[in-house]
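Q: One structure, as structure tokens, below. Some questions next.
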Amino acid sequence: MAQHTGPRIAAVIGSPVAHSLSPVIHQAAFDSAGVDWVYTAFDIARGSAEEAISAMRLLGLAGLSVTMPHKSDVARLVDRLEPAARALDAVNTVSWDGDELVGSSTDGAGFVASLAEAGVDVTDARVAVIGAGGAARSVIDALGRAGAADITVLNRTQDRAEQAATLSPAASVGIVSDVTRADIVVNATSVGMGVEPGGATSVDMACDPGLLRAGQIVADLVYHPLETAWMRAAVDIGATTIDGLGMLVHQAALQQERWLGHRPDTAPMRAAAVTELAARRNAPR
Ligand code: NAP
């Protein structure tokens with residue numbers, strides 16, 4: 001390992017990473033806690049994860065966040081996987097345990113933590129998850145581990161729903177009426193992303209809002225915009241909504257817990273992300 005003086009270095013690897021909020025969120029936590037770390041972003045081309053992990057070992061990088069397209073490749077490059085990362089065959093966090101590199105997946109646990117922050121306990125809950133991509137899979141896995149009673153998976157492409165439902169014994173492929181029956185409904189698709197509620201039509205909604213009901217918890221993993229048209233419709237119906245920034249911030253806090261040994265205060269992390277999103281929204285195009 002290279003000799004290095006100065007602050008410890010953590011980074012996100014992915015491609016593209018230019019628009020990642022991770023540097024803003026992580027640096028806000030380090031700075032507010034007086035932790036002498038810097039966090040940066042490396043655009044690493046598809047297929048080059050092995051070199052990136054070698055560089056982490058050589059340079060002694062203190063921690064890595066991993067995003068598309070490297071999550072599965074990194075799962076094969078670390079020395080050991082935590083259970084969620086093994087189940088998902090995907091790593092979003094690399095940390096050190098002595099001389100070993102450990103791969104974790106904190107997205108799903110971050111989602112459960114964002115619900116807990118809002119006072120929502122998933123234990124014994126009936127949950128409908130719309131979507132079956134990477135985000136949905138991490139959420140299904142974490143809901144199962146956290147003791148959800150029933151997880152129904154609805155997705156445009158049926159065979160992906162079937163694959164995702166194998167992640168937990170509590171999960172099965174759902175039907176539309178499961179959305180109404182559920183205590184918690186999650187949009188884990190990209191539907192609604194980048195569409196301001198004022199300009200949205202029915203194709204920008206994760207499901208027909210008529211399927212939602214008062215008293216439900218409605219969580220959207222989309223965080224740009226922070227309030228999607230689907231969430232706004234859910235509020236009108238009398239549901240309680242949870243935005244996607246909670247998951248993003250809490251998965252980052254769980255990464256720092258692995259790097260630093262303690263979980264940071266998420267308030268400055270969220271505040272920094274909100275400020276950055278607002279700045280991007282107001283930036284001239
Ligand atoms: P992904 O792996 O590409 O999966 C995309 C999902 O969206 C699939 O289920 C896909 O269905 C569905 N979908 C896309 N367009 C659709 C349409 N027009 N109608 C119906 N379904 C559609 O993406 P991902 O990584 O899971 O990300 C999904 C969303 O979650 C993104 O908006 C992402 O920004 C967000 N996300 C948020 C966080 C957070 O921390 N808040 C973390 C990760 C991701 P098919 O299978 O039928 O294609």
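Read-outs: derived from the displayed coordinates by stated rules, not from any lab. Keep in mind the model is a prediction, meaning the values are calculated, not measured. Please note: Cβ atoms are built from the backbone with ideal geometry, for glycine as well, and neighbour counts cover all protein chains shown.
Q: So what are the ³J(HN,Hα) numbers for segment 144-149, from phi and the Karplus equation (6.51, -1.76, 1.60; θ = phi - 60°), rounded to whole Hz, Gly and Pro as x?
A: Going residue by residue, I get x, 5, 7, x, 4, 6 Hz, with x marking Gly and Pro.
Q: How many nm separate the modelled label positions at residue 262 and residue 3, each set 7 Å beyond the Cα in the direction of the Cβ?
A: With each label point 7 Å from Cα toward Cβ, the separation is 3.1 nm.
Q: Which of 101, 211, 143 moves most in a GNM of the chain, Cα contacts under 10 Å?
A: Between 101, 211, 143, it is 211 that shows the largest mean-square fluctuation.
Q: Another question, if that's okay. For residue 86 and residue 181, FRET efficiency with R0 = 25 Å and r from the beta-carbon atoms, rounded to 0.05?
A: That gives a FRET efficiency of 0.20.
Q: Sticking with this structure for a sec: Run through every distinct alpha carbon pair of the chain and return the Kirkwood hydrodynamic radius in angstroms, one decimal place.
A: 19.4
Q: Where does the chain land at 222 nm, in deg cm²/dmol rounded to the nearest 500, when only DSSP H runs of n ≥ 4 count, each adding -39500 (n - 2.57), divided by all residues? Walk me through the numbers on the way to the answer.
A: Working: 11 runs with 111 residues, N = 285.
It comes out at -11500 deg cm²/dmol, rounded to the nearest 500.
Q: Using a 7 Å offset from the Cα along the Cα-to-Cβ direction at both residue 36 and residue 226, what is the distance between the two label points in nm, to one decimal?
A: In this crude spin-label approximation the distance works out to 3.4 nm.
Q: With the calculation restricted to Cα positions, what are the radius of gyration and Dmax of segment 30-130 in angstrom?
A: Computed over the Cα atoms of segment 30-130, radius of gyration and Dmax are 15.8, 46 Å.
Q: Between residue 236 and residue 45, how many nm apart are label points set 7 Å from Cα along the C-beta direction?
A: If labels sit at residue 236 and residue 45, their model points lie 4.8 nm apart.
Q: Moving to a separate point now. Over the chain, what relative contact order in percent results from Cα pairs under 8 Å that are six or more residues apart?
A: Over the chain, the number comes to 16 percent.
Q: Taking springs between alpha-carbon atoms closer than 10 angstrom, which of 108, 134, 198 fluctuates most in the Gaussian network model of the chain?
A: 198
Q: Also, I was wondering about something else. Show me, bin by bin at 5 Å from 0, the whole-percent P(r) of segment 109-243 based on Cα pairs.
A: P(r) over segment 109-243, rounded to whole percents: 2, 12, 23, 26, 21, 12, 3, 0.
Q: What residue among 64, 248, 260 shows peak mean-square fluctuation when the chain is described by a Gaussian network model with Cα springs under 10 Å?
A: The residue with the greatest mean-square fluctuation here is 260.
Q: Same structure again: Give me the number: length gained by fully extending residue 280 to residue 20, i.e. 0.36 nm times residue separation minus the C-alpha to C-alpha distance, one decimal in nm. Write out the running numbers ahead of the final one.
A: On the way: separation 260, 0.36 × 260 = 93.60 nm, distance 1.18 nm.
Result for the pair: 92.4 nm of gain on full extension.
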